[in-house]
Amino acid sequence: MPPLLQYTLHLADDALILGHRNSEWTGHGPILEQDIAISNIALDLIGQARNFYQYAAELANEGNSGSVTEDSLAYLRDGWDFRNILLVEQTNGDWAKTILRQFFFSAHQVDLYQQLMTGSDKTLSAIGAKAYKEVVYHLRWSSEWVIRLGDGTEESHTRMKKALDELWKFTGELYMPAPYEQWAAKAGVGPDLSHLRVRWEERVKEVFVEAGLSYPPAEWMQTGGKEGRHTEQLGYILAEMQFLQRAYPGCNW
Amino acid sequence: MSSENQSASGRAEWPLWEIFIRSKQGLDHKHVGSLHAADAQMAIENARDVYTRRMEGVSIWVVESKYIHASNPDDAASFYDPASDKVYRHPTFYDLPDELKHM
């Protein structure tokens, strides 16, 4: 598979899986207003995923019969075909864990999309430009919640710390480049992740200081998602997300 | 019962906020509704998510509902009826040029 296609799928899968996770809150948010907020973010992410999948389908169909669609990419690939990072597939847990997962990811995505905008691939750069504004808001929203909970009551602080314990080991993968990301950086399509990492650490430290959370020391990190080796969580997501298309192929409503 | 449920039932409600949105530059902020939030910052963000999803606004004001003082409906007769027979108070005798909008 050409690296541009792999790279595009990776961007799409990250957005789709986190969007799906967030959508699980719809109707279950801690308060009506936040239920709407997290659902809006879910919709933004799934919208981004659609744009990337449409482009990926175009790339996949070049020079063949053209049977790949955005839907077949989302609904008919198996777990090992998905290239999302492990962080985004982790369970929602409580509000603190959902918030922290979003914060870690948005703090990455905001610079990633900004760099995509100036990249050499016209389509990816256009998607990045459109999505960048959405992500700026996601980062702002999730940063404030991290601060609010971290610097809140004893219970909210404890929950935030627990979320940090659970999620930190999945953050290293953000900046361990897969071969297609190395290709993208070389080809000028995407950013050099080692540069982005510096910005991410700054963003996270800044918010953690305000939130009264200590920035964890370097430790062993979980990896594999970018190349299709996932935690068990992805299987449950796909089972729910893909059931309908697999049981009733081509159905719509 | 889990601690999560206990804390949820014992939780104090967040205060109520009145939301005002300006739909375009040059127009007034209009009252659009109310929502709950822990503080002003969160009220603005909640308003953004609840009331501006379909591009309804360019500016948001929030006021905690307890700071709104309202007239008493029982006073309606003395408050408003005396104005009803004083048409000369209305600037209805002018022709407005078409170029003037939002009057």
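The values are calculated or read from the model by the stated rules, or taken from the named source; none is laboratory data. The model shown is predicted, which means the values in this text are computed figures rather than measured ones. Because the Cβ atoms are built from the backbone with ideal geometry, glycine has one as well, and the counts that use them run over all protein chains shown. Just so you know, the surface numbers come from the protein's heavy atoms only, side chains and all, with ligands and any DNA or RNA stripped out. Shrake-Rupley method; radii C 1.70, N 1.55, O 1.52, S 1.80 Å.
In the set A:136, A:189, A:146, which member is more than 14 Å from chain B (Cβ to nearest Cβ) and of a type in the set (Val, Ile, Thr)?
A:189
Out of curiosity, is residue A:77 of a type outside the set (Gly, Ala, Ser), outside any helix (DSSP H, G or I), open to solvent by less than 30 Å² (accessible area, probe 1.4 Å) and out of contact with any Leu (no Cβ under 8 Å at 6 or more places or on another chain)?
So residue A:77 passes the test.
Would you mention how many residues in region A:169-206 are aromatic (Phe, Trp, Tyr) and without any contact (Cβ under 8 Å) to a residue 24 or more places away in the chain?
Residues flagged as aromatic (Phe, Trp, Tyr) and without any contact (Cβ under 8 Å) to a residue 24 or more places away in the chain within region A:169-206 amount to 0.
How many residues, within region B:39-83, are loosely packed, with under 15 Cβ neighbours inside 10 Å and at the interface with another protein chain (Cβ under 10 Å from one of its Cβ atoms)?
The total comes to 3.
Filter region A:80-92 for residues that are buried (at least 16 other Cβ atoms within 10 Å of the Cβ) and assigned to a loop (DSSP other than H, G, I, E, B) and give the result.
A:82, A:83, A:84, A:85, A:90
Considering each residue of region A:3-42, count those that are crowded, with 24+ Cβ neighbours inside 10 Å, among the small types (Gly, Ala, Ser) and either in contact with a strand residue (DSSP E or B) (Cβ under 9 Å, 6 or more places away or on another chain) or within 12 Å of another protein chain (Cβ to nearest Cβ) (or both), and give that number.
Counting residues in region A:3-42 that are crowded, with 24+ Cβ neighbours inside 10 Å, among the small types (Gly, Ala, Ser) and either in contact with a strand residue (DSSP E or B) (Cβ under 9 Å, 6 or more places away or on another chain) or within 12 Å of another protein chain (Cβ to nearest Cβ) (or both) gives 1.
Applying the selection to region B:10-38, what residues are at pLDDT below 95, buried (at least 16 other Cβ atoms within 10 Å of the Cβ) and charged (D, E, K, R)?
If the condition is that a residue be at pLDDT below 95, buried (at least 16 other Cβ atoms within 10 Å of the Cβ) and charged (D, E, K, R), then B:22 is the only one that fits.
Can you go through A:100, A:45 and tell me which one is within 10 Å of the chain's Cα centre (by Cα), in contact (Cβ under 8 Å) with a residue 12 or more places away in the chain and open to solvent by less than 10 Å² (accessible area, probe 1.4 Å)?
A:45
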